[in-house]
Amino acid sequence: SKHLLGIKDLTTSDIELIFETADNFKEVINRPIKKVPSLRDITIANVFFENSTRTKLSFELAEKRLSADVVNFSSSNSSVKKGETLLDTVNNILAMKVDMVVLRHSSPGAPHFLARHIKANIINAGDGTHEHPTQALLDTFSIREKLGDVAGKKVAIIGDILHSRVALSNIFALQKLGAEVMVCGPNTLLPKFIGNVGVKVELDVKKALKWCDVANVLRIQMERQQIKYFPSLREYTLYYGINKQLLDALDRPITIMHPGPINRGVELNSDVADSEHSIILNQVENGVAVRMAVLYLLAGIASDN
Ligand code: CP
């Protein structure tokens, strides 16, 4: 496909090719001269209908390191505010000779809709509670870097699974790469389908931490909660917050991940987030190389057509 809409559509060998390509780009961006000419004359629009720090800057840097021309669009200060539709917005951007669109949108399926109606390559940078494929790629790439391989590793995804696009994309990526996956959280924050996707489900965070090699801790997404959920933030922290005391009680160290932004003191304490076992900033660093790989490979497919 000339799009990256979700991890669901990728094969294991697609993911391995992305990793091998990202290995090369990681080496490139650690050199004094970080830029390569691979996407010269390609124009990319980063179209964001939701807030972002990491994903937006990471895509922009990845595009610039590949020598693409880049334009950035945020719906909050655009003519979307005057009632312009998603399709009209993107078609107007494409009329300015844009080749690829990186889209973040609050509606699940928005990038899939665009892919059916426009000619440019679409990369999903997060669609509501559905998928966040480049996040899962950088997460699994970071596990591979830290632990040597993803296959056979036990990964617990802990927190607000119900509202998380990171959880679903991670589940797909980890399974395709041969990891064992557990989700852990209060059952009010677990989606109804979770019993049907081949993951272990654990309500007790201590048992989840004891089981896993890697804990990927997710943010409580208050902005997506339509009704007042149990638990409250204070209750969540009491029963599910990850702190040093919980980790010190384990018989071996585990690797700690978080996609960001962190609610410090809610799902994760600073004494864990900033510890030697945290790879949170490695995830962010790897995001640029992984996104370079995705953009480079998609541009290659587009030029073959
Ligand atoms: N991890 C992530 O998607 O962060 P942003 O929302 O800041 O892009």
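Readers should treat all values here as calculations from the given coordinates under stated rules, not as data from a laboratory. Everything quoted here is computed from the prediction, not taken from an experiment. Here Cβ is always computed from backbone atoms with ideal geometry, including for glycine, and neighbour counts include all displayed protein chains.
Residues in segment 162-176 carry Karplus couplings, in order, of 4, 9, 9, 7, 5, 4, 5, 5, 5, 4, 4, 5, 5, 5, 5 Hz; the curve used is 6.51 cos²θ - 1.76 cosθ + 1.60 with θ = phi - 60°, and Gly or Pro positions show x.
How long is the gain from PHE193 to SER270 if the chain were fully straight, where each residue apart is worth 0.36 nm and the alpha carbon distance is subtracted?
Numbers: separation 77, 0.36 × 77 = 27.72 nm, distance 3.24 nm.
Full-extension gain reported as 24.5 nm.
Using a simple spin-label model with pseudo-atoms 7 Å out from Cα toward Cβ, SER13 and LEU250 lie 3.5 nm apart. If you take all other residues with their beta carbon under 12 Å from the beta carbon of ARG144, and give Lys and Arg +1 and Asp and Glu -1, the sum is -3. A crude spin-label estimate for the pair ASN91 and LEU233, with each label 7 Å from Cα along the Cβ direction, gives 4.2 nm. Taking a sphere under 11 Å around the Cβ of PHE73 and counting the other residues whose Cβ falls inside, with K and R at +1 and D and E at -1, yields a net charge of +2.
Work through the residues other than ALA95 whose Cβ is under 12 Å from its Cβ and net out their charges, Lys, Arg +1 and Asp, Glu -1.
Details: positive: LYS97, LYS119; negative: ASP88.
Local charge sum for ALA95: +1.
Taking the average, over residues, of other Cβ atoms within 10 Å as the packing measure, peptides 245-254, 172-181, 135-144 rank 135-144, 172-181, 245-254 from highest down. Simple spin-label estimate for LEU203 and SER78 gives 4.3 nm between the two label positions (7 Å along the Cα-to-Cβ direction from each Cα). When you count the other C-beta atoms within 10 angstrom of each residue and take the mean per peptide, 158-166, 233-241, 15-23 line up highest first as 158-166, 15-23, 233-241.
Distance cut-off 30 Å, Cα to Cα: go down the list LYS26/LYS56; LYS8/LYS244; LYS35/LYS176; LYS153/LYS192; LYS8/LYS82; LYS82/LYS119 and report the pairs above it. Please report the intermediate quantities before stating the final value.
Numbers: LYS26/LYS56 18 Å; LYS8/LYS244 35 Å; LYS35/LYS176 32 Å; LYS153/LYS192 25 Å; LYS8/LYS82 35 Å; LYS82/LYS119 25 Å.
Flagged as over cut-off: LYS8/LYS244; LYS35/LYS176; LYS8/LYS82.
For segment 100-237, the gyration tensor built on C-alpha atoms gives an oblate shape. Its axis ratio a/c (a ≥ b ≥ c) is at least 1.5, and a/b is not larger than b/c.
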